[in-house]
Amino acid sequence: MRTKPTELSSQTPYTANTAAKAAIEAKKQKKEPAYAGSDEGGNTVVSVIKAVIYIIFILVISVFISITVIAVANDIYAFVKSDEVVEITIPEYATLTEVSEILYKNDIIKYPAVFRLYAVKEHDSGEFLAGTYSVTPMMNYDTLLAEFKEKPVSGVARITIPEGYTTDEIINLMVANGIGTREGYVDVIQNYDFDYWFLDELEASGRAANRLYRLDGYLFPDTYDFYLNSREEVVIDKLLRRFNQIFTKEYRDQCAVFGYTVDEMITLASMIEKEAASPSEFFLVSSVFHNRLNNPWTFPKLESDATVLYIIAHDKGERPKTVTPEDLQYDTLYNTYKYEGLPPGPIANPSASAMLASLSPVSSNYYYFYYMSSKGRTVYSSTKTEHDAYIAQDKQNTQQPTADQPQTGDPTIAP
């Protein structure tokens, strides 16, 4: 049977086309694995190269860091360095930066920036003593920093501050024992920010501008042990801390009962300390001052020789043995013969007994006291007439005052 021409013409092209496509797909499938294997191998090689480069980089960096750390550590601690002695000069008021550069230029250190950072880390003050020094690279940073400072003095001194000592006398006592300098003490006493309630109160109440020393009255007299290399602020703080222990809250409350500030009461205590011939008389002398303060319309001036002597001793460097009529004209607010009320501040650093006496005077009607050298005792008077009679009697019995005659209150010197 013959096939229809139309059927052959329609099937033949389709069959050929399909076969061709199948052959192409088969060829592709045979080649794809080969291509896939080639890409994977290339990626592996690249990864290996990268890893090697990274390892080399890490090794280089590690070696570099290690070398740097070793070099810096050697500079700081001077493990292996030259022992050649070099003379360098540190100028006055040299800064840490200047000192580090001087050491660097003289091959004592290699890393001035590290030297500065080390000094800051060690809380070094950066205050260097000017002068010429012999140093070597074998000195570590600690040794170098200490080399340009004032060398500490070892040892301890036991110092007794007598009761009633003035601030000037305390400063002189400390300096005489090799502890601190006068300039250092004056600066600390006038300006250092100590943290004590009584100093806060002093500033809050407005201390007198013409007060001689800010801490007058608060440097408590006692026996102390000090290191010979103690700084001035450490010494003064120890005295203030002792005052804080002695002047209790009860004392503070008693000041308020009298209507006085703590500073005013300490001022009064200092006057009692310097005026009384002995501690046994503190309470009677206190009564005289309190009576005058409580009667300002009749006794506006306290007329205390000790206040005049205090300022003259400071201004002239020596305390007079007696007060002259000329001294009573000395124009200063510390002159209680010329100015009313209490002086601008304490005239001494009073004892605990004097502070207690200022807070608890005995009851009396006395307004005057006078030390009779001919009888060796203090007499008290209620009137000016009686007081003057004691003075006249003492003058008749004594041609001149003895050298150790105590300085007492109104008027030890008759006009």
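Among the candidates Phe299, Phe283, single out the residue that is in contact with a Lys or Arg (Cβ under 7 Å, 6 or more places away or on another chain), more than 24 Å from Asp193 (Cα to Cα) and among the aromatic types (Phe, Trp, Tyr).
Phe299
Can Glu273 be described as among the acidic types (Asp, Glu) and in contact with a Ser or Thr (Cβ under 7 Å, 6 or more places away or on another chain)?
Yes: the conditions hold for Glu273.
Any chance you could count how many residues in the range 186-214 are among the acidic types (Asp, Glu), touching a residue at least 40 places away in the same chain (Cβ under 8 Å) and under 21 Å from Arg231 (Cα atoms)?
Final tally of qualifying residues: 1.
Is it true that Glu147 is without any contact (Cβ under 8 Å) to a residue 60 or more places away in the chain and under 30 Å from Asn177 (Cβ atoms)?
The answer is yes for Glu147.
Quick check on this structure: which one of Ser364, Ser374, Ser358 is under 41 Å from the mean Cα position of the chain (by Cα) and of a type in the set (S, T, N, Q)?
Among Ser364, Ser374, Ser358, only Ser358 is under 41 Å from the mean Cα position of the chain (by Cα) and of a type in the set (S, T, N, Q).
Can you say whether Ser353 is among the hydroxyl-bearing types (Ser, Thr, Tyr), open to solvent by 20 Å² or more (accessible area, probe 1.4 Å), within 24 Å of Pro162 (Cα to Cα) and modelled with pLDDT of 95 or more, as far as the supplied structure shows?
Criteria met by Ser353.
Among residues belonging to the range 324-349 that are surrounded by fewer than 22 Cβ atoms within 10 Å (Cβ to Cβ) and aliphatic (A, V, I, L, M), point out the one that is modelled with the lowest pLDDT.
Ranking the candidates gives Leu328 first.
If we keep just the residues of the range 76-95 that are outside any loop (DSSP other than H, G, I, E, B) and at pLDDT below 90, which is farthest from the chain's Cα centre (by Cα)?
Selected residue: Val86.
Output yes when any residue across the range 104-114 is in contact with a Ser or Thr (Cβ under 6 Å, 6 or more places away or on another chain), in a helix (DSSP H, G or I) and either in contact (Cβ under 8 Å) with a residue 12 or more places away in the chain or surrounded by 16 or more Cβ atoms within 10 Å (Cβ to Cβ) (or both), and no when none is.
Yes, the range 104-114 has at least one match.
Residue check: is Leu117 assigned to a helix (DSSP H, G or I), aliphatic (A, V, I, L, M) and open to solvent by less than 60 Å² (accessible area, probe 1.4 Å)?
no
Only one of (1) among the polar types (S, T, N, Q); (2) part of a loop (DSSP other than H, G, I, E, B); (3) surrounded by 15 or more Cβ atoms within 10 Å (Cβ to Cβ) is not met by Thr378, so which one is it?
Only one criterion is unmet by Thr378, namely (2).
Please find, among Pro162, Pro137, the residue that is touching a residue at least 40 places away in the same chain (Cβ under 8 Å) and more than 30 Å from Pro346 (Cβ to Cβ).
On inspection, the qualifying residue turns out to be Pro137.
Residue check, Lys238 against (1) without any contact (Cβ under 8 Å) to a residue 40 or more places away in the chain; (2) surrounded by 22 or more Cβ atoms within 10 Å (Cβ to Cβ), all met but one. Which one?
Going through (1) without any contact (Cβ under 8 Å) to a residue 40 or more places away in the chain; (2) surrounded by 22 or more Cβ atoms within 10 Å (Cβ to Cβ) one by one, Lys238 breaks only (2).
Only residues that are touching a residue at least 24 places away in the same chain (Cβ under 8 Å) and under 19 Å from His314 (Cα atoms): list them for the range 165-185, please.
Tyr165, Thr166, Thr167, Asp168, Ile170, Met174, Thr181, Gly184, Tyr185
Considering the range 139-165 alone, what residues qualify as being over 30 Å from Ile102 (Cα atoms), open to solvent by 20 Å² or more (accessible area, probe 1.4 Å) and in contact with a Phe, Trp or Tyr (Cβ under 7 Å, 6 or more places away or on another chain)?
Passing the criteria: only Val156.
Hand me the list of helices (runs of 4 or more DSSP H) wholly inside the range 242-321 holding 3 or more residues that are free of Cβ contacts under 8 Å to residues at least 24 places away in the same chain, more than 17 Å from Gly345 (Cβ to Cβ) and open to solvent by 40 Å² or more (accessible area, probe 1.4 Å).
249-258
Could you list, in sequence order, the residues of the range 215-235 that are without any contact (Cβ under 8 Å) to a residue 60 or more places away in the chain and closer than 18 Å to Gly345 by Cα?
Result: Leu215, single match.
Tally time: how many residues in the range 195-222 are open to solvent by 30 Å² or more (accessible area, probe 1.4 Å) and closer than 18 Å to Arg252 by Cβ?
Residues flagged as open to solvent by 30 Å² or more (accessible area, probe 1.4 Å) and closer than 18 Å to Arg252 by Cβ within the range 195-222 amount to 8.
The values are calculated or read from the model by the stated rules, or taken from the named source; none is laboratory data. Everything numeric here is computed off the predicted structure, so don't read it as measured data. Cβ sites come from the backbone with ideal geometry, for glycine too, and all protein chains shown count toward neighbours. These area figures cover heavy atoms from the full protein model, side chains too; ligands, DNA and RNA do not enter into them. Shrake-Rupley method; radii C 1.70, N 1.55, O 1.52, S 1.80 Å.
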